[in-house]
Each structure stands twice: as structure tokens, then as C-alpha cells.
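Structure, as C-alpha cells:
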Amino acid sequence: MKQDKQDRRSQRTRQLLRDALIALMGAKRSDLITVQDILD
């Protein structure tokens with residue numbers, strides 16, 4: 001059973017993760033970015 005949550009918390013979390021990834025891609029090659037880098 002898949003839940004498609006679109007509440008504010010989920011949207012904010014997704015946006016923050018997206019922003020972190022974009023910022024990292026400007027500073028580091030994409031093949032060197034780890035999940036831990038994004039979460040830090």
C-alpha cells in the first residue's frame with residue numbers, strides 16, 4: 001500500500017533535500033555526491 005503524502009512537512013522536506021542537492025552539485029561533481037553529503 002503506497003501512500004502519496006503531500007502535506008506541508010513532506011513538501012518542505014522534499015524542497016530542502018532538493019535545494020541541498022542543487023547546492024552540492026554546484027560545488028562537487030555529481031558522481032562524488034553521497035546521500036550523507038545531502039543530509040549534512
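Derivation of every value follows stated rules applied to the coordinates shown; laboratory data play no part. Computed from a predicted model, the values in this text were never measured in an experiment. Note that each Cβ is placed from the backbone with ideal geometry, even for glycine, and that neighbours are counted across all protein chains shown.
Just a few scattered comments:
- Assigned charges on the beta-carbon of Lys, Arg, Asp, Glu; the chain dipole about Cα centre (debye): 220 debye
- Report summary: the helix-based calculation at 222 nm, which adds -39500 (n - 2.57) for every DSSP H run with n ≥ 4 and divides by the residues of the chain, gives -19500 deg cm²/dmol.
- 5 Å-binned pair-distance histogram of the chain (Cα, whole percent): 5, 23, 24, 16, 14, 12, 6, 1
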